[in-house]
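Right, one structure below, let's go through it.
The values are calculated or read from the model by the stated rules, or taken from the named source; none is laboratory data. Given the structure is predicted, the values throughout are model-derived calculations rather than measurements. Glycine gets a Cβ as well: all are built from the backbone with ideal geometry, and neighbour counts include every protein chain shown. Remember, those area values only see protein heavy atoms, side chains included, never the ligands or the DNA or RNA. Shrake-Rupley method; radii C 1.70, N 1.55, O 1.52, S 1.80 Å.
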Amino acid sequence: MRITIFDGACTIGGNKIYVEEQGKGLFLDFGMSFAKYSQFYEEYLSERPARGIYDLWHLGLIPRINNYRKDLIPSDLRDDVSSCQKLPVSAVLLSHAHLDHAGNIALLEEEIAIVGSPVTMAILKAINDTGGGKRFGTELPYYRVRTFADEDGYIMRVDGRSDYPSRTVILTEKCEELEEFLFYRPGQESPNARRIMRGEVCTLDEKELSFEVKAFPVDHSVYGALAYIVEGNISLAYTGDFRLHGQNGEKTRKFIKEAKNANVLIIEGTRVSRDEPNVSEAEVYENVKAIVEEAKGLVIADFSSKNFERLEIFKKIADETGRELVITPKDAYFLHALKLVDGIDRLKGVRIYENFKATMQKWEKVVVLEHYGDQYISPFEIKRNQENYILCFSFYDLPHLLDIMPNGGTYIYSSSEAFGEEQAFSFFRLWNWLQLFGFEVHGFRVDENGNLIFERGLHASGHLSKEEIVEVVEKIDPDLVIPVHTENPMWFAENFENAVVMKDGKTLKFD
């Protein structure tokens, strides 16, 4: 077996781990490296879609391999790509739906299948539906075919005449309801609408891959997360992102038990540079509930998108404190997608915020409004009875507060700290909005000297503490430990004699 870390060896996210044996191979995740992207891009500066993968290739943001979709390679990049090694790749084993693990998969050749849990596939499909193709690397499982807009083949655009192909989807368990959702595009009932072409959907038991693959649900800050064990001439365990302190911590412990004595453990180390212990989701619930019980006026809950466990916590608190939870239409679409997979109606008793906008996208009009129209609530109704609601808004939703015009209230920031200068600037802008409306702020503050300070207790990380990592490594007891998804891989070398610290692009061989 040969293991190559193309990305993620010394950054948090962007995992692209290639495993090969006897001329067959697969990837463990193929994510977007936010750390590397941020060296060149910011919110309003990004790769040029009209140039396909040209920008990403020359900036070193994707590996130099010959495994990318031909419709994303402009003519002045073809020679460079074709001169690189073409890897044998049957599939990407996707750990979960966060873009730092999934965000570059759609760049790969369409013949490469994607393996994941039904929940992960539902989330990816919802991201694609609601995103409008803004990032072609996230077009999963269906994608928009590009065609050349000029005779020389330098410029590409979406082929307006083509339906949308879908790459092969390999689920870790059968889910017929999901299959219908995967090949339904909101609004496709219109005579001239483009449709999603039905692709192959099967399970791991039904599809032969390059290796024997076993998938295990684990706890993370997004539902549907998986760890994998890959069997070749050695046994390799890959954690993806995981934790022990959420409501599904027992699933992580089951994986740890199954992975015992794996020859190689590839493990994430997001939090190894931090000394503080993890806050549990149970502690978050207790701390947030205490704040809401004392809150006057409108409560705003700000937490990471797709953190549905946190959303459920705020829903429970709303019920227990006599308030109603209000979510955005996009959140409602995601919850609708999850319901198709697990049958849980998370939208029951939830209100949906009615945005003031000139047009409504198809996914909202055909799905959310059609199924949940009686749950919409206008900003004017919230304005009249602000003390009755917990409003789930992020930083980018704040302009809608001008329609509500809160007179004081409580804002609860329940997400991770700022990473980098640009994110810090966003928090200063957020602070200005909150001060404008007189909110009492919990979770962060700006002190009298202009310093940004985050407060613990209102957010549970999706990752293990370094003490928990030691516990996991000792229980699995592998021959080798390979750290990924960390800014401090040397911590592993300092704490484990069998740790192998790799660099991006380097290969480890096992005879």
Check the range 335-343 and report whether any residue there is surrounded by fewer than 17 Cβ atoms within 10 Å (Cβ to Cβ) and closer than 23 Å to GLY116 by Cβ. yes
Scanning for something modelled with pLDDT of 95 or more, over 30 Å from ASN233 (Cα atoms) and assigned to a loop (DSSP other than H, G, I, E, B), does the range 5-17 turn up at least one residue? no
Can you give me the number of residues within the range 1-38 that are closer than 19 Å to PHE136 by Cβ, hydroxyl-bearing (Ser, Thr, Tyr) and either buried (at least 21 other Cβ atoms within 10 Å of the Cβ) or free of Cβ contacts under 8 Å to residues at least 12 places away in the same chain (or both)? 1
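Could you list, in sequence order, the residues of the range 442-469 that are closer than 24 Å to PHE308 by Cβ and not in a loop (DSSP other than H, G, I, E, B)? Break it down into steps so the answer makes sense when it comes.
Let us first name the residues in the range 442-469 that are closer than 24 Å to PHE308 by Cβ, namely 442-444, 454-465, 468.
Result: HIS442, PHE444, PHE454, SER465, GLU468.
Quick grid of which residues meet (1) open to solvent by 10 Å² or more (accessible area, probe 1.4 Å); (2) part of a helix (DSSP H, G or I); (3) of a type outside the set (Gly, Ala, Ser):
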position	(1), (2), (3)
LEU124	no, yes, yes
ASN128	no, yes, yes
GLY153	no, no, no
GLY160	yes, no, no
Across the range 162-194, what is the total count of residues that are more than 21 Å from the chain's Cα centre (by Cα), open to solvent by 90 Å² or more (accessible area, probe 1.4 Å) and among the charged types (D, E, K, R)? 5
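Among the residues of the range 404-412, is any open to solvent by less than 20 Å² (accessible area, probe 1.4 Å), of a type outside the set (Gly, Ala, Ser), without any contact (Cβ under 8 Å) to a residue 40 or more places away in the chain and outside any loop (DSSP other than H, G, I, E, B)? Walk me through how you get there before you give the answer.
Within the range 404-412, the first condition is being open to solvent by less than 20 Å² (accessible area, probe 1.4 Å), and the residues that meet it are 404, 406, 408-412.
Among the residues that remain, those that are also of a type outside the set (Gly, Ala, Ser) are: 404, 406, 410-412.
Then drop every residue that is not without any contact (Cβ under 8 Å) to a residue 40 or more places away in the chain, which leaves none.
Taking every residue of the range 404-412 in turn, none turns out to be open to solvent by less than 20 Å² (accessible area, probe 1.4 Å), of a type outside the set (Gly, Ala, Ser), without any contact (Cβ under 8 Å) to a residue 40 or more places away in the chain and outside any loop (DSSP other than H, G, I, E, B).
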Take GLU387 and tell me if it is in contact (Cβ under 8 Å) with a residue 40 or more places away in the chain, surrounded by fewer than 18 Cβ atoms within 10 Å (Cβ to Cβ), over 25 Å from the mean Cα position of the chain (by Cα) and part of a helix (DSSP H, G or I). yes
Check GLN39 against each of (1) farther than 27 Å from VAL169 by Cα; (2) in a strand (DSSP E or B) and name the one condition it does not meet. (2)
Pick from GLU422, GLU440, GLU417: which is closer than 22 Å to LYS316 by Cα and touching a residue at least 24 places away in the same chain (Cβ under 8 Å)? GLU440
Being open to solvent by 20 Å² or more (accessible area, probe 1.4 Å) and either over 20 Å from GLU21 (Cα atoms) or over 22 Å from the mean Cα position of the chain (by Cα) (or both) narrows it down to one residue among GLU268, GLU250, GLU281; which is it? GLU250
Quick check on this structure: which one of ASN261, ASN233, ASN287 is open to solvent by 30 Å² or more (accessible area, probe 1.4 Å) and either in contact with a Leu (Cβ under 9 Å, 6 or more places away or on another chain) or of a type in the set (Phe, Trp, Tyr) (or both)? ASN287
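Conditions (1) without any contact (Cβ under 8 Å) to a residue 12 or more places away in the chain; (2) touching a helix residue (DSSP H, G or I) at 6+ places or on another chain (Cβ under 6 Å); (3) under 23 Å from ILE482 (Cα atoms); (4) part of a loop (DSSP other than H, G, I, E, B), marked per residue:
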position: GLY246; (1), (2), (3), (4): no, yes, no, yes
position: SER273; (1), (2), (3), (4): no, no, yes, yes
position: ASN287; (1), (2), (3), (4): no, no, no, no
position: LYS296; (1), (2), (3), (4): no, no, no, yes
position: ARG310; (1), (2), (3), (4): no, no, no, no
position: ILE313; (1), (2), (3), (4): no, yes, no, no
position: VAL326; (1), (2), (3), (4): no, no, no, no
Could you pull out the residue among GLU320, GLU294, GLU312, GLU324 that is acidic (Asp, Glu) and closer than 15 Å to GLY246 by Cβ? GLU312
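Please determine whether any residue of the range 39-53 is open to solvent by less than 30 Å² (accessible area, probe 1.4 Å) and in contact with an Asp or Glu (Cβ under 6 Å, 6 or more places away or on another chain).
Taking the range 39-53 first, the residues open to solvent by less than 30 Å² (accessible area, probe 1.4 Å) are 47, 52-53.
From what's left, in contact with an Asp or Glu (Cβ under 6 Å, 6 or more places away or on another chain): 47.
Yes, there is a match, as at least one residue in the range 39-53 is open to solvent by less than 30 Å² (accessible area, probe 1.4 Å) and in contact with an Asp or Glu (Cβ under 6 Å, 6 or more places away or on another chain).
Yes/no per residue for (1) at pLDDT 95 or above; (2) open to solvent by 10 Å² or more (accessible area, probe 1.4 Å); (3) at positive phi:
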| site | (1), (2), (3) |
| --- | --- |
| VAL292 | yes, no, no |
| ARG310 | yes, no, no |
| PHE314 | yes, no, no |
| THR321 | yes, yes, no |
| VAL326 | yes, no, no |
| GLY349 | yes, yes, yes |
| ILE352 | yes, no, no |
| PHE356 | no, yes, no |
| THR359 | no, yes, no |
Residue list for the range 434-477, restricted to those being crowded, with 20+ Cβ neighbours inside 10 Å and over 28 Å from the mean Cα position of the chain (by Cα): PHE439
Reported set for the range 70-84 where residues are touching a residue at least 60 places away in the same chain (Cβ under 8 Å) and open to solvent by less than 10 Å² (accessible area, probe 1.4 Å) is LEU72, PRO74
Residues in the range 328-371 that are farther than 18 Å from ASP129 by Cα and either in a loop (DSSP other than H, G, I, E, B) or not acidic (Asp, Glu) (or both): how many? 16
Among (1) under 18 Å from GLY240 (Cβ atoms); (2) among the acidic types (Asp, Glu); (3) assigned to a loop (DSSP other than H, G, I, E, B) - the single one GLU497 does not satisfy: (1)
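Out of ASP29, ASP79, report the one residue that is part of a helix (DSSP H, G or I) and modelled with pLDDT of 95 or more. Before you say what the answer is, go through the steps one by one.
On the way: ASP29 fails: part of a helix (DSSP H, G or I).
Unique residue meeting the criteria: ASP79.
For the range 91-106, check the following and say yes or no: at least one residue is closer than 20 Å to ARG48 by Cα and part of a loop (DSSP other than H, G, I, E, B).
Step one: filter the range 91-106 for residues closer than 20 Å to ARG48 by Cα, giving 99-100, 102-106.
If we keep only those that are part of a loop (DSSP other than H, G, I, E, B) as well, we get 103-104.
Taking every residue of the range 91-106 in turn, at least one turns out to be closer than 20 Å to ARG48 by Cα and part of a loop (DSSP other than H, G, I, E, B).
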